Amino acid sequence: MDSKDINSKIDIKIAQDENIVNLNLIAEEFLELIDDFNINFINNKYFILTAYLNNNLAGILIAENKIHKIDSLEKLIPKVSIYLLYVNATFRNNHIGKKLLNTFLQIQKSRGIASVYIELPQKYLKGIEFFKRNNFLQVSKDKNKIILEINLWNDYGIRDDDIIENSFNDVFH
């Protein structure tokens with residue numbers, strides 16, 4: 001089966017009916033690394049995308065809007081943090097991770113999110129390379145972690161020239 005056939009059989013959707021048991025079956029050792037995952041999952045704090053291949057849960061992406069207070073320009077710009085992008089080893093090399101990420105970025109852009117970032121251990125070279133290949137740039141690095149980010153806004157949130165034109169007309173007329 002070629003990648004085009006597999007790609008058409010990958011079903012990406014926003015998690016709704018999945019329960020914590022299903023997510024743990026696919027990525028328990030990684031979910032344990034997310035602080036208070038079970039409590040936050042129950043309280044709907046996460047945005048979760050799931051990937052199914054032939055009706056089998058093959059991958060997940062877990063993210064959270066990290067901006068809670070507006071106390072600086074940086075916090076005024078809406079950002080989302082990816083906690084986990086994981087594809088079960090059985091289903092790897094089928095472009096599931098890329099499809100999960102691209103779908104996630106499209107959804108976030110349509111929701112007005114300015115940028116998406118992920119914090120990874122420096123020794124997780126495959127993950128860092130994956131995100132860099134998908135247009136994430138390194139924005140920070142310390143002795144143990146690296147932060148990669150992709151900007152979804154090229155225009156600081158201004159999406160229509162008419163907004164600017166109408167604003168000037170209101171000021172000068």
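The values are calculated or read from the model by the stated rules, or taken from the named source; none is laboratory data. Being a predicted model, the structure only gives us computed values, none of them experimental. Reconstructed Cβ throughout: ideal geometry from the backbone, glycine too, with neighbour counts over all protein chains shown.
Every listed requirement among (1) surrounded by 17 or more Cβ atoms within 10 Å (Cβ to Cβ); (2) under 15 Å from LEU49 (Cα atoms) is met by ILE113 save one, (2). Residues that are more than 13 Å from the chain's Cα centre (by Cα) and part of a loop (DSSP other than H, G, I, E, B) were ranked within segment 136-149; the one that is nearest to TYR83 (Cα to Cα) is ASN144. The residue that is nearest to VAL80 (Cα to Cα), among those in segment 12-62 that are assigned to a helix (DSSP H, G or I) and among the polar types (S, T, N, Q), is ASN40.
Give the residue, chosen from LYS109, LYS126, LYS132, that is among the charged types (D, E, K, R), modelled with pLDDT of 90 or more, in a helix (DSSP H, G or I) and more than 23 Å from PHE30 (Cβ to Cβ).
LYS109
Within segment 24-58, the residues that satisfy the criterion of being at pLDDT 85 or above and touching a Phe, Trp or Tyr at 6+ places or on another chain (Cβ under 6 Å) are LEU49, LEU53, ALA58.
Any idea which of (1) at pLDDT 80 or above; (2) under 16 Å from the mean Cα position of the chain (by Cα); (3) over 16 Å from ASN88 (Cα atoms) is the one LYS66 doesn't satisfy? The single condition LYS66 does not satisfy is (1). The numbered conditions (1) charged (D, E, K, R); (2) modelled with pLDDT of 80 or more; (3) loosely packed, with under 13 Cβ neighbours inside 10 Å; (4) within 20 Å of ASN94 (Cα to Cα) are all true for ASP2 except (2).
Of ASN94, ASN88, all but one fail to be surrounded by 19 or more Cβ atoms within 10 Å (Cβ to Cβ), touching a helix residue (DSSP H, G or I) at 6+ places or on another chain (Cβ under 9 Å) and polar (S, T, N, Q); the exception is ASN94. The C-beta contact set for segment 31-54 (first residue surrounded by fewer than 19 Cβ atoms within 10 Å (Cβ to Cβ), second residue in a loop (DSSP other than H, G, I, E, B) and of a type in the set (Ser, Thr, Tyr), distance under 8 angstrom, 6+ apart or interchain) comprises ASN40/TYR46.
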